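The values are calculated or read from the model by the stated rules, or taken from the named source; none is laboratory data. Quick caveat: nothing in here was measured; it's all calculated off a predicted structure. So basically every Cβ, Gly included, is an ideal-geometry build from the backbone, and we count neighbours across all protein chains shown. Remember, those area values only see protein heavy atoms, side chains included, never the ligands or the DNA or RNA. Shrake-Rupley method; radii C 1.70, N 1.55, O 1.52, S 1.80 Å.
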Amino acid sequence: RDFQQADTEHLSRWKRWKRTSSKSLKKALSEVKGLSSYLVLWRHDIHSIEGKFGTGIQSYFSFLRFLVLLNFIIFILMFSFITLPIIISKYGLFNNTIVNISPKYIEDNCTIYEPSGNKGLVYFYTYLQDLLSGTGILEVTSLFYGYYTIDAIWISTMRYNLPLAYLLATFAYLALSLLWIIKRSVEGFKQNLVHDADPFQSYCNKVFAGWDFCITDPNAARLKHRSLQCELQTDLQEEKLKQKIAERTMKEKLRIYSLRIFINIIVLAILSGFFYSIYRVTVFSQENSNVSIRNDTRTDSANLLVQYLPSMVITLANFIGPLIFSFLIRFEDYTPAFEIKMTLLRCVFLRLANIGVLLFSLWSQISDCGTDKCKPCGYNYKLYPCWESDVGQEMYKLMIFDFIVILAVPLFVDFPRMLLVTHCSCKLVQWFGLQEFGISDSVLEIIYGQTICWIGTFFAPLLPAIATIKYFVIFYIKKICLKHTRKPAARPIRASSSNFFFLLVLLIGLILAFIPVGVSIARIPSSKACGPFRNFNTSWEVIPDTIVTFPTGLQQVLFGMASEAFAVPFFMI
């Protein structure tokens with residue numbers, strides 16, 4: 001300290017002030033950071049869950065919080081750049097004019113679009129049906145693609161190009177999601193490397209350096225103690241299983257590997273059956289529901305059932321598949337951590353491939369050009385006059401139905417089961433007991449829903465708002481289930497590996513979401529009867545159309561960046 005004082009005395013007044021200011025700024029930033037930690041969403045709830053149930057379950061709730069924030073940011077982005085300009089133009093809040101460009105060289109048949117809006121006397125049931133299916137009154141709102149028919153808005157002297165803004169906002173939310181997930185994945189990967197480097201070192205870190213000596217609150221100390229206890233329990237369980245695996249004989253290894261191959265063949269057969277069922281049901285639903293709506297020959301209940309058939313079959317497959325996989329994996333004799341990863345991979349492939357099969361079925365109908373159905377417009381305009389809104393409705397129905405199922409299972413399955421276990425002394429009931437809180441199933445639910453949101457946001461720009469509300473409610477439902485109607489897993493798992501793996505699976509979901517969105521933008525002709533891209537053959541054409549208005553030098557640079565020679569290596573990197 002004497003040396004520091006002597007050194008400070010020899011400094012000039014300016015350097016002395018600069019050093020003092022730097023220290024004051026660092027101290028202020030530290031205090032702000034400390035205060036901001038109290039503003040973190042669900043901070044106390046997640047710490048409480050960590051202490052009572054371990055870091056494995058806590059990682060699920062932290063993951064859920066991340067998705068709430070991500071969807072909220074995506075909603076703000078889409079609303080600010082797409083929906084808000086339309087609201088401003090509709091209500092004339094500023095000195096603005098709307099520019100509607102008449103489509104050129106397009107047959108009149110392609111521009112006919114009559115949304116199935118409600119006319120005359122409307123019953124309450126019809127409103128409920130519209131809410132569940134996204135048709136009727138919802139179809140003509142800002143929720144779906146077909147609402148955004150304005151080509152440009154003049155706000156004072158500034159021209160706002162809505163088609164370009166729509167496409168750039170789509171790229172922005174996908175890029176934001178990618179970068180944010182990668183950033184979190186890198187943090188989890190570092191923790192994973194530290195843990196996997198040396199198990200003994202990890203054990204020593206917990207025993208000798210695991211305690212936080214800043215804790216002064218008895219409740220916080222109790223939670224921290226339980227958290228460390230769960231971590232050590234996980235370590236011991238994993239070491240025990242590793243020892244068991246190391247002691248296997250050649251005969252036991254041959255038996256296990258043969259059994260695993262046989263089980264994987266069964267899994268592939270089950271997946272093939274699910275995919276074929278979804279394809280057939282989607283084709284049937286689209287052909288029957290669209291014809292009945294356009295011709296107005298429907299009974300409400302029958303048409304709602306037909307519309308929801310793909311969602312029901314997909315949800316049924318998503319419900320039955322994980323149960324079968326969870327049952328089969330018990331015979332494969334993996335470690336708890338790898339068992340969760342393997343189940344997750346199988347289930348995530350099932351759920352994401354189900355969405356892929358649904359979209360493939362829709363696109364096969366949209367692009368069905370047999371008997372010259374697509375000749376005037378480039379797509380099946382009779383069945384799908386505004387195909388983007390139809391795809392948006394399918395994504396909306398999947399999200400709503402998935403949310404209903406997540407609400408229904410605790411209410412009609414977990415809660416009655418908890419009452420039976422608590423108040424019935426029957427041996428059979430007690431043998432069944434409370435259901436375990438399945439981390440893999442719970443993670444899959446939200447990754448599946450998030451993939452639907454990423455795909456559907458292009459076709460329904462306000463879908464992230466529904467996803468934000470959905471995940472917000474799910475947090476409290478899962479919290480109540482964990483504390484009252486379910487029990488923690490008998491075999492604990494580690495948070496460091498879980499966090500990284502959850503984000504890895506989410507990244508797979510995002511990459512798979514790029515494919516249908518990219519195909520819709522670049523390959524399938526855009527609807528000529530609705531949406532901001534009516535005057536373009538595809539949605540992508542708005543980019544070169546905008547670039548040609550730039551100076552020649554800038555045009556060459558941008559077209560060079562868009563070429564395959566640059567774009568392919570760039571995206572690979």
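Observations
- Within segment 244-293, GluC sites (Glu not before Pro) in DSSP loop having at most 12 other beta-carbon neighbours inside 10 Å: Glu247
- Taking other residues whose beta carbon is less than 13 angstrom from the beta carbon of Phe475, and scoring Lys, Arg as +1 and Asp, Glu as -1, yields +4.
- Charge context of Leu143, other residues only, Cβ under 13 angstrom, K/R +1, D/E -1: -2
- Where the Cα pairs of segment 413-544 fall when distances are cut into 5 Å bins, in %: 2, 8, 13, 14, 14, 11, 10, 8, 6, 5, 4, 2, 2, 1, 0
- The Cβ shell under 13 Å around Arg248 holds other residues with a net charge of +2, Lys and Arg each +1, Asp and Glu each -1.
- Cross-linked pairs Lys90/Lys528; Lys52/Lys397; Lys341/Lys397: Cα-Cα separations exceed 25 Å for Lys52/Lys397; Lys341/Lys397.
- In this calculation the C-beta distance from Leu236 to Asn264 is compared with R0 = 30 Å, giving a FRET efficiency of 0.50.
- Annotation: lysines with alpha-carbon distance below 20 angstrom to Lys26 (same-chain offsets under eight excluded): Lys15, Lys18.
- Ordered from largest to smallest accessible area (heavy atoms of protein chains, 1.4 Å probe), the residues Ile573, Ile547 come out as Ile573, Ile547.
- FRET efficiency, Lys15 to Val207 (Cβ-Cβ, R0 30 Å, nearest 0.05): 0.05
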